[in-house]
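The values are calculated or read from the model by the stated rules, or taken from the named source; none is laboratory data. Keep in mind that this is a model prediction, so the values were computed, not measured. Don't worry about glycine lacking a Cβ; one is built from the backbone with ideal geometry, like all the others, and counts go over all protein chains shown. For the accessible areas, the whole protein counts, side chains as well, though only heavy atoms, and no ligand, DNA or RNA atoms are used. Shrake-Rupley method; radii C 1.70, N 1.55, O 1.52, S 1.80 Å.
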Amino acid sequence: MRRAPKDTEESVRKITRRGLVMGGLMGGFAALLAGRMRYMQVDQADEFRLLAEENRIKFSLIPPERGLIFDRNGRPIAVNEQIYRVVIVPEDAGDLENTLARLRKIIPLTDEEAEKALEEMRRASPFLEYTIADRLSWEQLSEVAVNTPALPGISPEVGLSRHYPMLEDFAHVIGYVGRVSDYDLSKIEDPDPLLRLPQFQIGKVGVESKWEEPLRGKAGNRRIEVNASGRVMRELDRQQGISGTDLQLTVDSQLQNYVQARLGTESAAAMVMDVTNGDLLAIGSAPSFDPNLFVRGISVADYRDLTENDHRPLANKAAQGLYPPGSTFKMVTALAAMEAGVVTAGETFYCPGHKEVSGRRFHCWKRSGHGWVDLDGSLQQSCDVYYYELALKAGIENISAMAKKLGIGVRHDIPMSAVAEGIAPTKAWKAERYEQEWVVGDSLNASIGQGFVLASPLQLVVMAARLASGTQIEPRLVKSVDGRETPVKGLEPLDISPTALQQVRKGMYNVVNSSRGTARSSRIVAEGMTMAGKTGTSQVRSVVVRNQDVPWEQRDHALFVAFAPYDNPKYAVSVVVEHGGGGSAVAAPIARDVMLQALYGGLPPMEAYPSSSRWEVEQIRKDLKLREDLRQDASDRA
Amino acid sequence: MSYLEYNRETVPTGLSKVLYVNWALVVLLLAVCSVGFLMLFSVAGGSLSPWAEPQMKRFALGLVMMFIVAMVPIYFWRNMALLAYLGSLLLLVFVELFGDVGMGAQRWIDLGFMRLQPSEVAKITLVMLLAAYYDWLDVGKTSRPLWVILPVIIILVPTALVLKQPDLGTALLLVVGGAMVMFCAGVHWLYFGAVIASGAGLVTAVVASRGTTWQLLKDYQYRRIDTFLDPESDPLGAGYHITQSKIALGSGGWTGRGLMEGTQSRLNFLPEKHTDFIFTTLAEEFGFVGGVSLLVLYVLILAFCIVSALKNRDRFSSLLILGIAGTFFLFFAVNMSMVMGLAPVVGVPLPLVSYGGSAMIVLLGAFGLVQSAHIHRPRGRR
């Protein structure tokens, strides 16, 4: 059927009209699209461009290399070693548990470790790297690398980690580094963004902590381009950071090693100081621990062993431990009295074995008494009554001032976590601390280093050094920073009459060298190396019983301070053995051995010892050798 | 049956047909497809694989098909309209039963060398059948209710099948494309008013049905609607697409970042960068100038089609060309609105540019129909 021409004409007209309308509508819509495009790409372009950059560019920090720490001879104490580790980006890992299970076929992880990792990853941002395992062997690392296609989100990495090659020798001096804790962050006003990096470690105690910022250095940064899933596509630019400052300590690692070994399993501290410049050559605190354990993250069991040990291996007894100095304090009392002009060196007092003051009886350690004693005799035989008499004449304020002059009751500025101030008591101090009046008995107790008086081994060695040198020498632990020597402080003479000082030194000489001296068995017989010192035995409890009959923690502390050579002092030594018994029997031999080691710069010849003690020294050397061999074995195995 | 005024004496035959091909339209199509190759090359990071090369092969195939279709007299295609329509319905049923499942929907039939998407075919066969219907129908009856119901049924049957897949975008395109043919055929304005009103009613029903047992759309489709209305509500989920697309497009500026310098698409911030979101890459790399240029090419294609349709005195030919032009318009208008955040994300590719086999070959085939209608148009004796 053919369509009528009219029908066709009508149809064409209609289609033409409608077609034009539709074309117009389509054109209009196209114009709308063009307008929208113009609005977005021209008017709003800057805004969107910014959003695009935010999408694409991420900053990441490059941790700087931590500064190294050396001993005075350039031997490394704290270094950075390369470690192999495996990190995971949880976001890329897909099924975390599944991936972890596959990884565990390559790297042995305990169930506990795996559980902990899963939990920590769930808490952290999913796009941040998390270290699953570190300190892997090269073989393990390669195996992970080969298997990366099957381990989504996991990548092997090479990093730096702190290592302490001297093991437990320096734990108390330099401390250790550890992961930044929330507590660490809360203490810092405006923390370096580095601290927020997972895995980043900062100094926790000791020099590592006190010199944290110089050691840390400055972070570098890099701008990286990331794709939508956060994968790094390329590096746009990089700014290298600045490595941390290198430190050289005054400590002699060889001597330090000897001191730690010599203290052995005792709960003890020993310090060696150069009296001419204040350099601390050894800072012993025993028992010690391996700081590397903390860097790696100490296990609960190891940590419990350290904290539950009654010898407190974690405590830095040298700088932080406070002890009644006992008779080692007698030089302070003597000088205080002489400087106050209430007594002369030749003046004698009678010791009947005790002193009666306001109805209370104060004993001398020797119940039978020393008879008539002068300064020299009182030091030599450590007569207590002599010092009671001096205290009554001089008064506590003079004694306290003299103690501070000699470094007791003063906080010394060395970079250790906690440096104790000690106590050189005064009337005002007691009033504030105990809200009680000072009584004369307090003065008597203080005069022999008991009662309120407390000093650290560091303060005792400073006292010995000041007595020996007659200067206000200050302890120094950091020898140089980035090669620049740190200044020596306190070379000015002490404000004490040189005669009085010489008289006290003479007394100390006789303590060690005269036939009646309390430390005679620990004397040094080598030419020109004669030692002068003072023993101390400080009471932990008030009732006098024989030491062998009481439990360890109630026994007396043994103390000894010394300097040598007597004629031209070079080194000062202090030794405190907690609950060790008598200063002369326990502390003095250690001090002598340490002193000889320092004087000779190594193992001294047997001729330096009096013949009576050579057999004993021989035994000690054998023990030390055995101990050293054992340690060598252990570090070889590690 | 009414036949078109097909006059063998005035219609070119044999090789002389080539002279009557609308070559300007061919050049425009080639230009648009080239833009597609360039963008696929760019999003692959400057590589012919995996997208540009297969796309070129398919383009070659489509081009051959276009010319074959163009050479066949248009009356043959009109006679084939009903058969083609029924065939595409069959394919839609087939895909419902045996089709490949991809991205949560059953859409493809795997033919081995390519994956055929029957809904793409249906878009064209629907337009063909409607054009043939109005060619057959007396002009005077066009707006009579009875004769309006029939084309509505013709539209709704494939639409229902496509909705079942589910593919909301294509279903909408089928409805609107069919309606465009009806509109051009001269169906009274009031019907469209009524449909738009009931459409609004349907939307209300769809929204109201959410969460009930007779819920009309899938949950993910509802989420897309939510996201469209407020992309910020789900910045890392469904809203991510729109947000990232807008960022990439907007950051292009006047002239863009340059070829292969589009950071957002290259770094995968942009999803489906080689298919539905390829316009975003173009806009990012070539900026406003590039985006508008492509839009102008599209509009020119439309213009050539409309002029050809209006010049054609054969009813079937005119309606077919207008229907195909309208479908083509819907493709790019919906896709561009989508990537610019003017419309919800419904999977509609950018015609001839997005990577994809079916759409390109079907579209080139459709332009073959346009050419056939153009070549075989009734002419006066010369």
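Which of A:Ile396, B:Leu83, B:Val362 sits farthest toward the positive end of the charge dipole of the protein assembly as shown, with +1 on the Cβ of Lys and Arg and -1 on the Cβ of Asp and Glu?
B:Leu83
Which cross-chain or sequence-distant (5 or more) residues have an amide H under 5 Å from the amide H of A:Thr471, H modelled 1.01 Å from N in plane?
A:Leu494
Quote the FRET efficiency, to the nearest 0.05, computed for B:Ser34 versus B:Leu156 with a Förster distance R0 of 35 Å and r equal to the Cβ-Cβ distance.
Details: r = 38 Å, r/R0 = 1.08.
E between B:Ser34 and B:Leu156, to the nearest 0.05, is 0.40.
Projecting each Cα onto the charge dipole of the protein assembly as shown (Lys/Arg +1, Asp/Glu -1 at the beta carbon, about the Cα centre), which of A:Thr426, B:Asn335, A:Gly220 comes out farthest on the positive side?
Farthest towards the positive pole: B:Asn335.
For chain B, what relative contact order do you get, as a whole percent, if you take Cα pairs closer than 8 Å and at least 6 residues apart?
Numbers: 543 pairs, mean separation 112.9, N = 382.
About 30 percent, as a whole number.
Explain nothing, just compute: Karplus ³J(HN,Hα) = 6.51 cos²θ - 1.76 cosθ + 1.60, θ = phi - 60°, for every residue of the range B:343-349 in order, whole Hz, x for Gly and Pro.
9, x, 6, 10, x, 10, x
Using a simple spin-label model with points 7 Å from Cα along the Cα→Cβ vector, what separation in nm is obtained for A:Leu160 and B:Ser293?
Taking the simple label geometry, A:Leu160 and B:Ser293 are separated by 5.1 nm.
Using 0.36 nm per residue of separation minus the Cα-Cα distance, give me the extension gain between A:Ser137 and A:Lys489 in nm, one decimal.
Answer, rounded to one decimal: 121.9 nm.
With a Cα-only, solvent-free Debye model of the range A:400-439, what are the log10 I(q)/I(0) values at q = 0.14, 0.29, 0.33 Å⁻¹?
Debye intensities relative to I(0), on a log10 scale: -0.38, -0.93, -1.02.
Can you tell me the alpha carbon radius of gyration of chain B divided by the globular rule-of-thumb value 2.2 N^0.38 Å? Kindly include the intermediate steps, with their values, before the conclusion.
On the way: Rg = 21.1 Å, N = 382, 2.2 N^0.38 = 21.1 Å.
Here the answer is 1.00, to two decimals.
Can you tell me the FRET efficiency between A:Asp7 and A:Arg223 if r is taken as the Cβ-Cβ distance and R0 is 51 Å, rounded to the nearest 0.05? Show your work: numbers first, answer last.
Numbers: r = 73 Å, r/R0 = 1.43.
It comes to 0.10.
Please give the FRET efficiency for A:Lys105 paired with B:Arg210, using the beta carbon to beta carbon distance and R0 = 51 Å, rounded to the nearest 0.05. Walk me through the numbers on the way to the answer.
Details: r = 48 Å, r/R0 = 0.93.
For A:Lys105 and B:Arg210, the calculated efficiency is 0.60.
Given the Cα-Cα distance of A:Glu112 and A:Arg360 and 0.36 nm per residue of separation, how much length would full extension add, in nm? Could the numbers behind the result be given before it?
On the way: separation 248, 0.36 × 248 = 89.28 nm, distance 6.31 nm.
83.0 nm is the gain from fully extending A:Glu112 to A:Arg360.
Against the longest principal axis of chain A, how steep is helix A:330-340, in degrees 0 to 90 to the nearest 10, with axes from Cα atoms?
Helix A:330-340 sits roughly 70 degrees off the main axis of chain A.
Each residue of the range B:31-42 in order: what ³J(HN,Hα) in whole Hz does its phi give by Karplus 6.51 cos²θ - 1.76 cosθ + 1.60, θ = phi - 60°, with x for Gly and Pro?
My calculation for the range B:31-42 gives 4, 4, 5, 5, 4, x, 4, 4, 5, 5, 5, 5 Hz in order.
List the residues, sorted by chain then number, that are 5 or more residues from B:Thr275 or on another chain and whose placed amide H is less than 5 Å from its amide H.
Here the answer is B:Tyr355, since their amide H atoms fall under 5 Å of that of B:Thr275.
Once amide H atoms are placed 1.01 Å from N in the peptide plane, what residues at a sequence separation of 5 or more from A:Tyr571, or on another chain, have their amide H within under 5 Å of its amide H?
Excluding prolines and chain starts, which carry no amide H, the hits are A:Val275, A:Ala564.
In nm, what is the difference between 0.36 nm times the number of residues separating B:Trp136 and B:Leu259 and their Cα-Cα distance?
Working: separation 123, 0.36 × 123 = 44.28 nm, distance 5.07 nm.
Stretched out fully, the B:Trp136 to B:Leu259 stretch lengthens by 39.2 nm.
Using the Cα atoms of the range B:159-220 to build a convex hull, what is its mean projected area in square nanometres? Spell out each step's value before the answer.
Working: hull surface 18.5 nm².
With the hull built on Cα positions only, its mean projection is 4.6 nm².
A plus B alone minus the pair: what accessible area, both sides summed, probe 1.4 Å, in Å² to 100?
Values: alone 31510 and 17550 Å², together 44490 Å².
It comes to approximately 4600 Å² buried between A and B.
Computed over the Cα atoms, what is the radius of gyration of the range A:360-502 divided by 2.2 N^0.38 Å, N being its residue count? Spell out each step's value before the answer.
Numbers: Rg = 17.5 Å, N = 143, 2.2 N^0.38 = 14.5 Å.
Dividing the Cα Rg of the range A:360-502 by 2.2 N^0.38 Å gives 1.21.
Using only Cα atoms, find the angle between the long axis of helix A:111-123 and the longest principal axis of chain A, and express it within 0 to 90 degrees, rounded to the nearest 10.
It works out to around 60 degrees.
Calculate what fraction, in whole %, of the accessible area of the protein assembly as shown sits on carbon and sulfur atoms when a 1.4 Å probe is rolled over the protein chains. Show your work: numbers first, answer last.
Numbers: 25340 of 44490 Å².
With neighbouring chains kept in place, the figure for the protein assembly as shown is 57 percent.
For the range B:107-173, what is the charge dipole size about the Cα centre, in debye to the nearest 20, if Lys and Arg each add +1 at the Cβ and Asp and Glu each add -1 at the Cβ?
For this selection, approximately 120 debye.
What does the convex hull of the Cα atoms come to per residue for the range A:423-569, in Å³?
Residue-normalised Cα hull volume stands at 202 Å³.
Largest first, please: the extent of the C-alpha atoms of chain A along each principal axis, to the nearest Å.
So the three principal-axis extents are 156, 52, 45 Å.
Please compute the per residue accessible area over the protein assembly as shown with all protein chains in place, 1.4 Å probe, rounded to a whole number of Å². Mind showing how you got there, number by number?
Values: 44490 Å² over 1020 residues.
Per-residue accessible area for the protein assembly as shown comes out at 44 Å².
Could you go through the range B:329-339 in sequence order and give the Karplus-derived ³J(HN,Hα) for each residue, using 6.51 cos²θ - 1.76 cosθ + 1.60 with θ = phi - 60°, rounded to whole Hz, and x for Gly and Pro?
Values, residue by residue: 4, 4, 3, 6, 5, 5, 4, 5, 4, 5, 6 Hz.
Please compute, for the alpha-carbon atoms of the range A:244-365, the extent along each of the three principal axes and give them in descending order in Å.
Largest to smallest, the principal-axis extents are 61, 37, 25 Å.
Taking the Cα-to-Cβ direction at A:Arg367 and at A:Tyr303 and moving 7 Å from each Cα, how far apart do the two end points lie in nm?
Going from the A:Arg367 label point to the A:Tyr303 one covers 5.0 nm.
Assign unit charges at the C-beta atoms only (+1 for Lys and Arg, -1 for Asp and Glu), then state the dipole size of the protein assembly as shown relative to its Cα centre in Debye, rounded to the nearest 20.
Details: 103 positive and 104 negative charges, 816 e Å.
So the dipole magnitude of the protein assembly as shown works out to roughly 3920 debye.
Ignoring ligands and nucleic acids, what accessible area does B:His241 show with a 1.4 Å probe (Å², nearest 10)?
50 Å²
Could you work out the local net charge near B:Ala333, counting Lys and Arg as +1, Asp and Glu as -1, over the other residues with Cβ closer than 15 Å to its Cβ?
Result for the local shell: +1.
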